[in-house]
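Undergrad: One structure, pasted below without further comment.
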Amino acid sequence: MGELQYDAGRDGFIDLMELKLMMEKLGAPQTHLGLKSMIKEVDEDFDGKLSFREFLLIFHKAAAGELQEDSGLMALAKLSEIDVALEGVKGAKNFFEAKVQALSLASKFEAELKAEQDERKREEEERRLRQAAFQKLKANFNT
């Protein structure tokens, strides 16, 4: 159970949208294709998302010089400021779980924000329609 403490109701994976958010927060935004190829490069089980093991692979590959200098994974490895060699797997695990938690909260927050905005749009639309109907009614009376 212990290792799931940071996984805020999520599945302990970082998916494409979460990776997108993560890279934006790290200041190295990626294109959709870029994100896909980042995942593909370490996605051992081909499920289209990063497990912790696959996440660790990024750092091992970076340390081994197996990543292209300008690749998204290299940017992630550099910007995450986590040295797996120094901090060990435990540090990486905490980082990964904290990230997953932060990302799931961020995407939940963004979803809620969007829902609020949609709600507001709908209300404005209704108000506009009501006003238009009222104008039309008035026009009918005045003819």
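The values are calculated or read from the model by the stated rules, or taken from the named source; none is laboratory data. No experiment lies behind these values; they were computed from the predicted model shown. FYI the Cβ positions are ideal-geometry reconstructions off the backbone, even for glycines, and counts take in every protein chain you see. Only protein heavy atoms, including side chains, enter the accessible area calculation; ligands, DNA and RNA are left aside. Shrake-Rupley method; radii C 1.70, N 1.55, O 1.52, S 1.80 Å.
Undergrad: Helix-derived [θ] at 222 nm for the chain: sum -39500 (n - 2.57) over DSSP H runs of at least 4, divide by residue count, nearest 500? Don't jump to the answer; show the numbers that get you there.
TA: Details: 5 runs with 100 residues, N = 143.
Computed ellipticity for the chain at 222 nm equals -24000 deg cm²/dmol.
Undergrad: Using the heavy atoms of the protein chains and a 1.4 angstrom probe, tell me the accessible area per residue for the range 88-142 in square angstrom. Walk me through the numbers before you get to the answer.
TA: Values: 4340 Å² over 55 residues.
Value returned for the range 88-142: 79 Å² of accessible area per residue.
Undergrad: Still on this structure, I have one more. Between helix 32-42 and the chain, what is the angle of the helix's C-alpha long axis to the longest principal axis, kept within 0 to 90° and rounded to the nearest 10?
TA: The answer is roughly 30 degrees.
Undergrad: Can you tell me the dipole magnitude for the range 88-142 around its Cα centre, using point charges on the Cβ only (Lys, Arg +1; Asp, Glu -1), in Debye to the nearest 20? Mind showing how you got there, number by number?
TA: Numbers: 13 positive and 10 negative charges, 20 e Å.
Charge dipole of the range 88-142: 100 debye, to the nearest 20.
Undergrad: Which angle between 0 and 90 degrees, to the nearest 10, do you get for helix 16-25 versus the longest principal axis of the chain when only C-alpha atoms count?
TA: Taking Cα atoms only, the helix is inclined about 80 degrees.
Undergrad: Putting +1 on Lys and Arg Cβ atoms and -1 on Asp and Glu Cβ atoms, find which of LEU137, GLY91, ALA63 reaches farthest to the positive end of the dipole of the chain.
TA: Of the options given, the answer is LEU137.
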